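Participant: Here you go, one structure.
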Amino acid sequence: MTHALARRAVQAGAISLIIASLPSSARAQAVDELPELVVTASRTEQPIARAGAAVTVIRAEDIAAAGSKSVADVLRGAPGLDITEAGGPAGLSTLSLRGAQPGQVLVLIDGVKVGDPTSTTGEFDFGAFSVTDIDRIEILRGPQSALYGSDAMGGVVNIITRKGTGRPRTSLLIEAGSYGTLHTRATTTGSTDDVSWAFSVDGFSTRGFSRYGYRIPRILAGRATPLEDDPGRKLAATGRVTWRPAPGVEVELGGAIYATRVNFDNPGAFGTDPDDRFNRGRNVVGNLYAKTRFDALDGRLRNTVTLFAHRAHHENRLTQSCFDAFFNGYDCNTFYDGARFGAEYQGELSLGAWGTTIFGLRSERETAKTAEQYYPLPKPRIRGIDVGQTTNSAFLLHQFALGERLDLSLGGRLDRVSGGDAFATGRATVAYRILETGTKLRASLGTGAKAPTLYQRFSIYGDPTLRAEKNVGVDAGIDQTLFDGRAKLSATVFRARYRELIDFNSATLRYFNVARALMQGVELSGEATLVPDAWRVRASYTYQHAENLQTKAALLRRPHNKGSLSLVYTGLPKLELEARLVMIGARYDFNNQTFGRSIMPGWGRLDLRADYAVNDNLSLFGRIENALDKRYEEIRDYGTAGRSFYAGLK
């Protein structure tokens with residue numbers, strides 16, 4: 001550990017002691033418990049207290065409280081996580097974990113991988129995602145390729161929709177607010193002895209604001225004409241049905257579709273006004289799965305067979321963004337079609353005192369098609385790539401307990417890409433609980449890998465022989481419960497080294513394996529009941545050092561310091577109030593004017609919300625976002641909303 005990181009660890013410990021010293025009452029009830037079981041940490045249900053990996057769970061009530069216009073607001077404040085929006089809701093939004101690139105973070109929706117097969121790095125665009133009826137989001141940090149294969153270098157974000165339980169229930173949400181925003185959602189859930197169901201439909205529209213330059217003085221001062229608004233619309237539907245025809249047998253069907261229409265600005269366009277209404281896009285993303293579980297060997301072996309499919313379609317109309325062989329720019333339409341489908345078998349064998357072995361096989365096929373159409377129309381489409389690759393995988397994880405205090409796991413995986421690279425990854429975890437003091441000590445060591453994308457292998461800039469990117473990471477942490485469960489604290493130190501990263505060579509105009517990087521830092525989080533039935537507090541802080549080892553430069557859009565603080569009041573009957581502060585430190589970003597790097601100042605945003613339960617069937621809510629009307633940029637040259645008001649009923 002470097003001296004700088006050691007100093008940060010000392011500071012982290014001091015912050016933990018400050019949070020731990022918060023007052024409490026002997027009559028206080030326990031703070032909201034984390035879900036008893038998580039599935040992402042070991043691919044099967046496991047008590048979170050026995051997980052040796054660093055896991056954060058965002059619960060349904062927290063998702064509802066954060067607002068529904070953007071999943072970015074749901075995820076902000078999670079330890080080790082960065083998310084950036086390009087000019088407000090429905091704009092391109094990407095996520096990073098522990099400094100990893102967005103394409104090096106695996107995103108799942110109900111266990112189905114949703115990264116875009118047609119994008120350069122395979123990342124998932126959260127701007128095209130709608131917050132439907134989500135039960136919880138599990139964030140697993142650190143290299144997890146031994147469990148999930150390619151893309152899980154920085155970690156895994158698993159979005160789990162609600163599963164129907166109990167008597168049939170239907171709910172409706174209506175919300176309106178600033179920037180001409182209108183949002184509605186309808187859900188229905190329920191179950192019988194043999195069948196459960198959950199369906200949700202979500203619609204969102206906003207007049208928006210100019211994604212380029214909005215509320216940015218250095219851009220507004222140089223313009224002769226006002227900026228144009230960039231509207232956005234989103235529609236989503238999700239469904240999940242489970243049938244239990246016999247004891248030990250379960251069949252589940254699920255799926256989701258997300259559609260967006262957006263106007264966007266392109267500050268990097270050559271020789272054109274970045275604020276151009278010509279730029280607009282249409283995106284449709286869907287996934288579907290069918291899963292069968294059945295028990296064998298008197299219930300000691302659980303078998304799960306999953307068929308899955310994912311499809312992404314994107315159409316963009318762009319200004320001066322398509323180029324011929326002589327690099328002349330043209331207005332154009334672009335078309336991208338990507339697909340992913342396959343099958344997976346997973347077995348869970350209980351060996352009693354010898355632990356549990358989880359093993360499986362997976363075969364996955366990815367395809368990508370692209371085309372361009374120059375303006376003015378009519379012009380024929382110019383075909384780009386039309387390629388595919390298959391990845392076959394085998395994995396094995398064994399986890400066992402030594403007594404009531406010590407839990408261990410050891411696993412590995414082998415992935416092979418057709419016509420390309422093969423790579424092996426591994427992971428080990430340990431968790432030790434000191435029951436008398438409410439303490440859990442944990443550590444994990446893992447390796448990660450990411451296969452080159454179809455674009456990196458087969459586009460005009462590609463190389464079919466590219467090797468997989470690789471990393472090795474380690475973390476160690478402590479989870480502490482205090483005051484009979486009324487306060488919980490967590491602290492983690494992490495370090496990861498990346499090698500053979502894929503970069504673009506501007507001299508040869510080809511992708512190649514060369515880059516190396518180092519990610520290290522400290523993650524802190526805590527929650528506590530200050531006054532029983534009245535005041536709760538939650539806080540998180542992350543120090544992160546993300547460095548390109550070749551250039552010795554900090555990675556773009558990776559702040560050294562970030563954190564959040566939330567104070568919740570429930571002292572009046574039926575009323576809940578919350579003040580939430582998100583703080584992001586200074587970081588570097590790309591300067592579209594100089595084609596170099598610029599330091600972006602840190603920023604803080606205060607959001608306020610109120611929720612009043614009129615009765616058991618109706619509640620009213622309201623939010624003030626960016627209550628102090630701060631000007632800030634998540635991405636250089638892209639605007640963010642000013643003080644905004646939203647209200648509705650559910």
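The values are calculated or read from the model by the stated rules, or taken from the named source; none is laboratory data. Since this is a predicted model, take the numbers as computed values, not measurements. Neighbour counts are summed over all protein chains in view; Cβ atoms, including those assigned to glycine, are modelled from backbone coordinates with ideal geometry. Just the protein is used for accessible areas: all its heavy atoms, side chains included, with ligands, DNA and RNA removed. Shrake-Rupley method; radii C 1.70, N 1.55, O 1.52, S 1.80 Å.
Participant: Taking interchain pairs and intrachain pairs at least six residues apart, which have beta carbon atoms under 9 angstrom, with the first residue in segment 628-641 and at positive phi and the second among the β-branched types (V, I, T)?
Facilitator: D637/I216; D637/I219
Participant: Can you name every residue in segment 624-647 that is in a strand (DSSP E or B) and either open to solvent by less than 20 Å² (accessible area, probe 1.4 Å) or within 23 Å of R587 (Cα to Cα) (or both)?
Facilitator: The first filter runs over segment 624-647 and keeps only residues in a strand (DSSP E or B), leaving 624-625, 638, 644-647.
Once the filter is applied, which keeps residues that are in a strand (DSSP E or B) and either open to solvent by less than 20 Å² (accessible area, probe 1.4 Å) or within 23 Å of R587 (Cα to Cα) (or both), segment 624-647 yields E625, Y638, S644, Y646.
Participant: With respect to T542, is the statement that it is within 19 Å of T94 (Cβ to Cβ), at pLDDT 95 or above, among the polar types (S, T, N, Q) and surrounded by 17 or more Cβ atoms within 10 Å (Cβ to Cβ) true?
Facilitator: Values: within 19 Å of T94 (Cβ to Cβ): yes; at pLDDT 95 or above: yes; among the polar types (S, T, N, Q): yes; surrounded by 17 or more Cβ atoms within 10 Å (Cβ to Cβ): yes.
Considered against the rule, which asks whether it is within 19 Å of T94 (Cβ to Cβ), at pLDDT 95 or above, among the polar types (S, T, N, Q) and surrounded by 17 or more Cβ atoms within 10 Å (Cβ to Cβ), T542 comes out as yes.
Participant: Looking at V262, V241, V251, can you tell me which residue is at pLDDT 95 or above, touching a Pro at 6+ places or on another chain (Cβ under 8 Å) and not hydroxyl-bearing (S, T, Y)?
Facilitator: Details: V262 fails: at pLDDT 95 or above; V241 fails: touching a Pro at 6+ places or on another chain (Cβ under 8 Å).
After ruling out the rest, the residue left standing is V251.
Participant: Among the numbered criteria (1) open to solvent by less than 40 Å² (accessible area, probe 1.4 Å); (2) at pLDDT below 95, which one does V514 miss?
Facilitator: For V514, the failing item is (1).
Participant: Here's something else I'd like to know. Determine which member of the set G438, G412, G388, G384 is more than 30 Å from G281 (Cα to Cα) and over 25 Å from the mean Cα position of the chain (by Cα).
Facilitator: Values: G412 fails: over 25 Å from the mean Cα position of the chain (by Cα); G388 fails: more than 30 Å from G281 (Cα to Cα); G384 fails: more than 30 Å from G281 (Cα to Cα).
After applying the criteria, what remains is G438.
Participant: Being closer than 16 Å to D73 by Cα and either of a type in the set (S, T, Y) or assigned to a strand (DSSP E or B) (or both) is the filter here; which residues of segment 46-60 pass it? Reasoning before the result, please.
Facilitator: From segment 46-60, those closer than 16 Å to D73 by Cα are 56-60; that's our starting set.
Within segment 46-60, T56, V57, I58, R59 qualify.
Participant: Residues A290, A312, A256: which one is in contact with a strand residue (DSSP E or B) (Cβ under 8 Å, 6 or more places away or on another chain), closer than 28 Å to G122 by Cα and either open to solvent by 30 Å² or more (accessible area, probe 1.4 Å) or part of a loop (DSSP other than H, G, I, E, B) (or both)?
Facilitator: Working: A312 fails: either open to solvent by 30 Å² or more (accessible area, probe 1.4 Å) or part of a loop (DSSP other than H, G, I, E, B) (or both); A256 fails: either open to solvent by 30 Å² or more (accessible area, probe 1.4 Å) or part of a loop (DSSP other than H, G, I, E, B) (or both).
The unique qualifying residue is A290.
Participant: Of the residues T165, T184, T132, which single one is touching a strand residue (DSSP E or B) at 6+ places or on another chain (Cβ under 8 Å) and either modelled with pLDDT of 95 or more or assigned to a strand (DSSP E or B) (or both)? Steps first, please.
Facilitator: Values: T165 fails: either modelled with pLDDT of 95 or more or assigned to a strand (DSSP E or B) (or both); T132 fails: either modelled with pLDDT of 95 or more or assigned to a strand (DSSP E or B) (or both).
Selected residue: T184, the only one of T165, T184, T132 that is touching a strand residue (DSSP E or B) at 6+ places or on another chain (Cβ under 8 Å) and either modelled with pLDDT of 95 or more or assigned to a strand (DSSP E or B) (or both).
Participant: Moving on to the next point. T319 versus (1) surrounded by 19 or more Cβ atoms within 10 Å (Cβ to Cβ); (2) in contact with a Ser or Thr (Cβ under 8 Å, 6 or more places away or on another chain); (3) in contact (Cβ under 8 Å) with a residue 60 or more places away in the chain: which is the lone unmet condition?
Facilitator: (3)
Participant: When you go through I139, I83 one by one, which is the residue that is outside any loop (DSSP other than H, G, I, E, B), open to solvent by less than 10 Å² (accessible area, probe 1.4 Å), of a type in the set (V, I, T) and modelled with pLDDT of 85 or more? Spell out the reasoning first.
Facilitator: Working: I83 fails: open to solvent by less than 10 Å² (accessible area, probe 1.4 Å).
After applying the criteria, what remains is I139.
Participant: Being closer than 27 Å to R636 by Cα, part of a loop (DSSP other than H, G, I, E, B), in contact with a Ser or Thr (Cβ under 7 Å, 6 or more places away or on another chain) and not charged (D, E, K, R): is that true of Y179 here? Show your work before the answer.
Facilitator: Working: closer than 27 Å to R636 by Cα: yes; part of a loop (DSSP other than H, G, I, E, B): yes; in contact with a Ser or Thr (Cβ under 7 Å, 6 or more places away or on another chain): yes; not charged (D, E, K, R): yes.
Criteria met by Y179.
Participant: If a residue has to be part of a strand (DSSP E or B) and either open to solvent by 80 Å² or more (accessible area, probe 1.4 Å) or within 30 Å of F335 (Cβ to Cβ) (or both) to count, how many in segment 295-305 make the cut? Walk me through how you get there before you give the answer.
Facilitator: The first filter runs over segment 295-305 and keeps only residues part of a strand (DSSP E or B), leaving 295-296, 301-305.
From the residues that got through so far, the ones that are either open to solvent by 80 Å² or more (accessible area, probe 1.4 Å) or within 30 Å of F335 (Cβ to Cβ) (or both) too are 302.
Qualifying residue count for the region: 1.
Participant: Would you be able to tell me the number of residues in segment 483-505 that are under 24 Å from Y543 (Cα atoms) and not β-branched (V, I, T)? First the steps, then the outcome.
Facilitator: Of segment 483-505, the ones under 24 Å from Y543 (Cα atoms) are 487-499, 501.
Now restrict to residues that are not β-branched (V, I, T): 487-491, 494-499, 501.
Selection size over segment 483-505: 12.
Participant: Tell me whether segment 427-444 contains one or more residues that are in contact with a Phe, Trp or Tyr (Cβ under 6 Å, 6 or more places away or on another chain), more than 30 Å from D386 (Cβ to Cβ) and surrounded by fewer than 22 Cβ atoms within 10 Å (Cβ to Cβ). Please lay out each step first, then the result.
Facilitator: The first filter runs over segment 427-444 and keeps only residues in contact with a Phe, Trp or Tyr (Cβ under 6 Å, 6 or more places away or on another chain), leaving 441.
Filter once more, so that each one left must be more than 30 Å from D386 (Cβ to Cβ): 441.
Narrowing further to those that are surrounded by fewer than 22 Cβ atoms within 10 Å (Cβ to Cβ): 441.
Scanning segment 427-444 turns up at least one residue that is in contact with a Phe, Trp or Tyr (Cβ under 6 Å, 6 or more places away or on another chain), more than 30 Å from D386 (Cβ to Cβ) and surrounded by fewer than 22 Cβ atoms within 10 Å (Cβ to Cβ).
Participant: Go over the candidates A146, A128 one by one and state the one that is under 22 Å from S70 (Cβ atoms) and crowded, with 24+ Cβ neighbours inside 10 Å. It would help to see each step written out before you state the result.
Facilitator: Values: A146 fails: under 22 Å from S70 (Cβ atoms).
Only one candidate qualifies: A128.
Participant: Here's something else I'd like to know. Is one or more of the residues making up segment 549-571 farther than 30 Å from Q456 by Cβ and of a type in the set (D, E, K, R)?
Facilitator: Of all residues in segment 549-571, those farther than 30 Å from Q456 by Cβ come to 561, 563-571.
After this cut, where a residue has to be of a type in the set (D, E, K, R) as well, the list is none.
Checked against the condition, which is being farther than 30 Å from Q456 by Cβ and of a type in the set (D, E, K, R), segment 549-571 yields no hits at all.
Participant: Under 7 Å between Cβ atoms, which residue pairs at least 6 apart in sequence (or on different chains) link something in segment 506-519 that is farther than 14 Å from Y461 by Cβ with a partner that is among the polar types (S, T, N, Q) and surrounded by 16 or more Cβ atoms within 10 Å (Cβ to Cβ)?
Facilitator: Filtered contacts from segment 506-519: A515/N548; A517/N548.
Rundown of residues vs (1) open to solvent by less than 50 Å² (accessible area, probe 1.4 Å); (2) of a type outside the set (D, E, K, R); (3) modelled with pLDDT under 95; (4) more than 17 Å from S150 (Cβ to Cβ), yes/no style:
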| position | (1), (2), (3), (4) |
| --- | --- |
| G446 | yes, yes, no, no |
| P452 | yes, yes, no, no |
| S459 | yes, yes, yes, yes |
| A487 | yes, yes, no, yes |
| R499 | no, no, no, no |
| L509 | no, yes, yes, yes |
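Participant: I would also like to ask the following. Confirm whether Q550 is open to solvent by 50 Å² or more (accessible area, probe 1.4 Å) and among the polar types (S, T, N, Q).
Facilitator: On the way: open to solvent by 50 Å² or more (accessible area, probe 1.4 Å): yes; among the polar types (S, T, N, Q): yes.
Yes.
Participant: In this structure, does R365 turn out to be assigned to a strand (DSSP E or B), more than 30 Å from K470 (Cα to Cα) and open to solvent by 20 Å² or more (accessible area, probe 1.4 Å)? Break it down stepwise before answering.
Facilitator: On the way: assigned to a strand (DSSP E or B): yes; more than 30 Å from K470 (Cα to Cα): no; open to solvent by 20 Å² or more (accessible area, probe 1.4 Å): yes.
No, not satisfied.
Participant: Still on this structure: Residue check: is P226 assigned to a loop (DSSP other than H, G, I, E, B), open to solvent by less than 20 Å² (accessible area, probe 1.4 Å) and of a type outside the set (S, T, Y)? Talk me through it step by step, then tell me what you get.
Facilitator: On the way: assigned to a loop (DSSP other than H, G, I, E, B): yes; open to solvent by less than 20 Å² (accessible area, probe 1.4 Å): no; of a type outside the set (S, T, Y): yes.
Criteria not met by P226.
Participant: Within segment 464-476, track down each residue that is open to solvent by less than 50 Å² (accessible area, probe 1.4 Å) and assigned to a loop (DSSP other than H, G, I, E, B).
Facilitator: L466, A468
Participant: Can you find even one residue in segment 626-642 that is over 26 Å from N263 (Cβ atoms), modelled with pLDDT of 95 or more and either touching a strand residue (DSSP E or B) at 6+ places or on another chain (Cβ under 8 Å) or of a type in the set (K, R) (or both)? Before you say what the answer is, go through the steps one by one.
Facilitator: Taking segment 626-642 as the starting set, the residues that turn out to be over 26 Å from N263 (Cβ atoms) are 627-628.
Subset that is modelled with pLDDT of 95 or more: 627-628.
Now restrict to residues that are either touching a strand residue (DSSP E or B) at 6+ places or on another chain (Cβ under 8 Å) or of a type in the set (K, R) (or both): 627-628.
So far as segment 626-642 goes, yes, one or more of its residues are over 26 Å from N263 (Cβ atoms), modelled with pLDDT of 95 or more and either touching a strand residue (DSSP E or B) at 6+ places or on another chain (Cβ under 8 Å) or of a type in the set (K, R) (or both).
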